[in-house]
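Below is one structure; the comments refer to it alone.
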Amino acid sequence: MRYSLLLSCFLMGCFFASAQKNDTVYITSNNINTTVLREGTHRYLVYFKKSKDATRTQTQFWTRKIERTTENQKPVIIVTQEWEDKDTIVHTVRSVSDAKTMQPLYHKTWWNIPQMGTTAVNFSDKTVEFKGKVLSDADTARMAKQIWAAYKSAGDQYLLNWHLDMEVFPTLPYKNGTTFIIPFYDPGTRAPFEKVAYTVKGSGELTGYDDQKIDCWLLEHSSQGNKEIFWISKKTKEVLKLEQEINGSFYRYKVKMGFSM
């Protein structure tokens, strides 16, 4: 009797340990699906609120274009971005990724900020260029050193471009309760390589044009002073909405526009 009870407890422990383990998915090149990405131009309205009932401020339009093509005789996915603030373009991006694995091959950004300017990361050549200068261990300027150190933290391991989160999320293998551990790096910034947890918290419904009901996955990411919930269409896999709460008193939203003009 005692032996049977101990055996039952052991088997139950193994079951729950296995279930818990299965709820965590470490994202690799083998478990993403880039075929779901929808080519074309996609535009988002981005804005902030000082409270959930406050008026919208700092309104921007983010245009993201997805294209499948070939570069250097290799199938790739190119994502270009253009961020508009009022009547000014404040940020542009050109990102080239492997068409199957989404591994970044090249990433170039420009910011309308004097201290940032243009940065280009060539993963094939293993070079980082900042403001027209190729970085190395010999650099002493603070920002240059930090950008170079962040690049080196990624090493040669498989990673995904955090600047393309809106394109990465559609490729994930969604299941309720799953936590994805995503190997993210934002090329050309001072932020180092990280393995970041995002959890599928359940489902939600958005109402579209003609009262269309859109069933979505709710993908949540939390860190100190920050909570993000992404709404991802179960049908098209697109990110349709982001709700972000910052320090409990500041809010940011991204909403995909139905028409891109």
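Derivation of every value follows stated rules applied to the coordinates shown; laboratory data play no part. None of these values were measured; they are calculated from a predicted model. Virtual Cβ from ideal backbone geometry, glycine too; neighbours counted across all protein chains shown.
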Task: Most mobile of 207, 69, 171 in a GNM of the chain (Cα contacts under 10 Å) - done: 207
Task: Karplus-derived 3J(HN,Hα), 6.51/-1.76/1.60, for each residue of the range 27-35, Hz, glycine and proline x - done: 6, 10, 5, 8, 10, 10, 10, 6, 5
Task: Cβ charges +1 (Lys, Arg) and -1 (Asp, Glu), total dipole of the range 137-261, debye - done: 100 debye
Task: the range 65-75 - phi-based ³J(HN,Hα) in whole Hz, Karplus 6.51/-1.76/1.60, Gly and Pro as x - done: 10, 10, 9, 9, 7, 10, 9, 6, 6, 10, x
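At a threshold of 8 angstrom on Cα-Cα distance, excluding pairs fewer than six apart, so keeping six or more, what relative contact order does the chain reach in percent?
17 percent
Stretch residue 110-residue 226 to full length: gain in nm at 0.36 nm per residue minus the Cα-Cα span? Walk me through the intermediate numbers first.
Numbers: separation 116, 0.36 × 116 = 41.76 nm, distance 2.58 nm.
Taking 0.36 nm per residue and subtracting the Cα distance, the gain is 39.2 nm.
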- [ ] Calculate, in nm to one decimal, what residue 201 and residue 48 gain on full extension: separation in residues at 0.36 nm each, minus their alpha carbon distance.
- [x] 52.7 nm
Task: Cubic angstrom per residue, convex hull over Cα atoms of the range 220-261 - done: 69 Å³
- [ ] Multiply the residue separation of residue 255 and residue 71 by 0.36 nm, subtract the distance between their alpha-carbon atoms, and state the gained length in nm to one decimal.
- [x] 63.1 nm
- [ ] Using only Cα atoms, tell me the angle between helix 2-22 and the longest principal axis of the chain; keep it within 0 to 90° and round to the nearest 10.
- [x] 20 degrees
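First select every other residue whose beta carbon is under 14 angstrom from the beta carbon of residue 93; then total the charges, Lys and Arg +1, Asp and Glu -1.
Here the charged neighbours net out to -2.
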Task: For the range 182-193, Karplus couplings with θ = phi - 60° (6.51, -1.76, 1.60), whole Hz, Gly/Pro x - done: 9, x, 9, 8, 9, x, x, 10, 8, 7, x, 4
Task: Cα long-axis angle, helix 142-154 against the chain (0 to 90 degrees, to the nearest 10) - done: 40 degrees
- [ ] Lys and Arg at +1, Asp and Glu at -1: add these up for the other residues within a Cβ distance under 12 Å of residue 160 and post the number.
- [x] -4
Open item on the list: Distance between the C-alpha centers of the range 167-226 and the range 78-109? Whole Å please.
Closed with: 19 Å
- [ ] Output the direction-averaged projected area (hull surface divided by four) of the convex hull of the alpha-carbon atoms of the range 163-261, in nm².
- [x] 7.8 nm²
Task: Taking N as its residue count, the alpha carbon Rg of the chain over 2.2 N^0.38 Å - done: 1.14
